[in-house]
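Rule-based calculations on the coordinates, nothing more; no lab input. Computed from a predicted model, the values in this text were never measured in an experiment.
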Amino acid sequence: MISLQGNVDWYRFWLKGERRQVPVVPGETADSLQDQYRRWDQMAVMKAAVDEQPRCVRTALAQ
């Protein structure tokens, strides 16, 4: 259950931009849920930085 809920949360976060607010998995707390989204927010910032870089070294040299 824990693994499956984590997968659902991951896809909802990345594909739909949704966040679950209520703990539903045994042993999960509101704080642990917020920590999960805090880590994913950091990943989103890192991804945005990488996405801004040219995809090809040649493209970067041509500019």
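So what is the calculated 222 nm ellipticity per residue for the chain, using -39500 (n - 2.57) for each DSSP H run with n of 4 or more, over all residues, to the nearest 500 deg cm²/dmol? Please list the in-between numbers first.
On the way: 3 runs with 39 residues, N = 63.
Helix contribution divided over all residues of the chain: -19500 deg cm²/dmol.
Which number do you get for Rg(Cα) / (2.2 N^0.38 Å) in the range 2-62?
With N residues counted in the range 2-62, Rg over 2.2 N^0.38 Å equals 1.53.
Kindly express, to the nearest 10 degrees and within the range 0 to 90, the angle between helix 2-11's C-alpha long axis and the longest C-alpha principal axis of the chain.
40 degrees
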